[in-house]
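No lab work stands behind these numbers, since they all come straight from the coordinates. No experiment lies behind these values; they were computed from the predicted model shown. Backbone-built Cβ (ideal geometry, glycine too); neighbour counts: all protein chains shown.
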């Protein structure tokens, strides 16, 4: 991996020297000069690698103070929420009034876990708590890395959290057969930006642990723009006329993980939630010690 | 049939979020005669087997990626009508003749296609998911196990026999925590590693980028990321449900070595000391030859090896959100508890 990083860096310097200013991408305000990323064999910007966001949006996509966790009596500082700034453009999600009330109710009931054969059980409780897939864009700002594998026909994103996987169809595009947890992704290149149209997500996932939510009409357009050998700018436009008064936008940087031999280390959380989910039904007996 | 019924019942119970997968199985073309008429399917499979054998005997050279690695990319199926272990009546006969292989294939297809829908929870052929509706072909081998030469899983060590007896004593089925079926618990899919034929969800994809091979399994959407850069395995204390894989090329063959299995994984009674070597070779444009050897001296008295074929199928794969709506797990455990209570009542 170190060699790869050096090669990428060297390629980036060469390309930067060769590039004319006209091809430069708009960088995050003042952070990096015009940057032309290295290319894959088919001439597209090379996004291969392990990436991770370092924002606190998984706790709350809007601005929030540090807070104690739900069980400070046993979890102490381990369970606490770090404070953080909003990743939402303009700071606040433009909820419809009734949707804002629902968001507040979600926050109240976020620890509810009700596993039954009742199809309405998703109406309460935060899905990450139960080790469910997080949907998009949340998967990108979980506090876990993810890895991009890029081919001309499709781009694969594998998330360390739960091993969730997304295929982004580049050529040919494919039609979503039905709704799913991670949705359906078709992608295209706009200059050096990977633009992904994400549809067909179900209405069970939330944007964070704070109850911010959407319906199954959610439409997300993501933009991944390399701005240095080690950074991508991530932007997403979020549209859902059932819940929001207008489309809104989030953005944050993604950082390349550059440690030698870095790899995703399986986070299969299913066994971690079995007691939480099945004990109330009498289906979980602690192991004999 | 009983086992199949049980498996089918489990699957259908937790398949609600996976219906997309059941409705549009990859690798099957529902309206083709080979998917609706067993006779046509048997003929086509026999011809395909012959054609594949001819190509692979002709020194066929597999394609290369733009960066020079053998190109295995595509979608592949692990279904088979060849049993893992050689049936006792075929003892001493590792290979069929071509005619015998077709006859055995025909027999298996006919049995599969004639399943009475009233006796099973799912009649897979309705969904185009029977093996004969896919590119599965006759196999000259009488068992998938090629070593030991008798085609049977080697004997368990005394230690492994003790472990197995103790597990039976505990009746692990009565609690989610101890249920010894990771697939029912949605912790892993039914495709290992290593991969053995299961009767559904056997689709997979191989994708390559410089330095990596990635395998995506339809079952549970398990993903194996295999680095090819010769790096060391993770430290032994880092146990993973899918193991820690490292790959390398030997000629046109991808060799994958997997260690660091999770201590509760219990694949066929094995321990976390199991070491797996898999070999993937594209032997003709439509076939990967898949070989593996498992070695776990605390479980089996000797290593054992399998050789099977993974025929190419059509894309894509679909989301397999298993844990997200696992009714089946609740019902299986509840059922085991009821049976246990009944047994206890009979004793009293």
Q: Whole Å is fine, so just give me how far the alpha carbon centre of the stretch B:177-240 lies from that of the stretch A:62-96.
A: 35
Q | residue B:289 versus residue A:98: modelled label distance in nm, points set 7 Å from Cα along the beta carbon direction | A | 6.5
**Q.** Sorted by Cβ neighbour density within 10 Å, fewest at the top, the residues A:86, B:58, A:153, B:202
**A.** B:58, A:153, A:86, B:202
Q. What distance in nm separates the simple spin-label points at residue A:73 and residue A:108, each placed 7 Å from Cα in the Cβ direction?
A. 2.2
Q: For the protein assembly as shown, state the semi-axes of the equivalent ellipsoid (square roots of 5 times the eigenvalues of the alpha-carbon gyration tensor), sorted largest first and rounded to whole angstrom.
A: 41, 32, 24
Q: For peptide A:168-178, compute the average count of partner chain beta-carbon atoms within 10 Å of each residue's beta-carbon.
A: 2
Q: Obtain the nm distance between the two label points defined at residue B:50 and residue A:276 by a simple spin-label model: each point lies 7 Å from its Cα along the Cα-to-C-beta direction.
A: 5.9
**Q.** Percentage relative contact order, chain B, counting C-alpha pairs under 8 Å, at least six apart
**A.** 24
Q | Förster radius 30 Å - calculated FRET efficiency between residue A:188 and residue A:32 (Cβ-Cβ, nearest 0.05) | A | 0.80
(Q) For peptide B:319-332, what's the mean number of Cβ atoms from other chains within 10 Å of each residue's Cβ? (A) 6
Q.
For peptide B:164-176, what's the mean number of Cβ atoms from other chains within 10 Å of each residue's Cβ?
A. 2
Q. What percent of all Cα-Cα pairs in the stretch B:173-268 falls in each 10 Å bin, counting up from 0?
A. 15, 44, 33, 8, 1
Q) Can you give the three extents of the C-alpha atoms in the stretch B:101-247 along their principal axes, from longest to shortest, in whole Å? A) 50, 48, 35
Q) Once Rh is set to the Kirkwood radius over Cα pairs, what Stokes-Einstein translational diffusion coefficient, in µm²/s, holds for the stretch B:149-200 at a temperature of 37 °C and a viscosity of 0.692 mPa s? A) 245
Q.
So, R0 is 56 Å and r is the distance between the beta-carbons of residue A:80 and residue B:89; what FRET efficiency does that work out to, to 0.05?
A. 0.25
Q: Take the Cβ-Cβ distance between residue A:258 and residue B:107 as r, set R0 to 41 Å, and report the resulting FRET efficiency rounded to the nearest 0.05.
A: 0.10
Q. Going by how many other beta carbons lie within 10 Å of each one, how would you line up B:140, A:194, fewest first?
A. B:140, A:194
Q | Peptides B:189-198, B:115-124 ordered by average Cβ neighbours within 10 Å, highest first | A | B:189-198, B:115-124
(Q) Quick check on chain B: what does the Kirkwood estimate of hydrodynamic radius come out to from the alpha carbon pairs, in Å? (A) 21.5
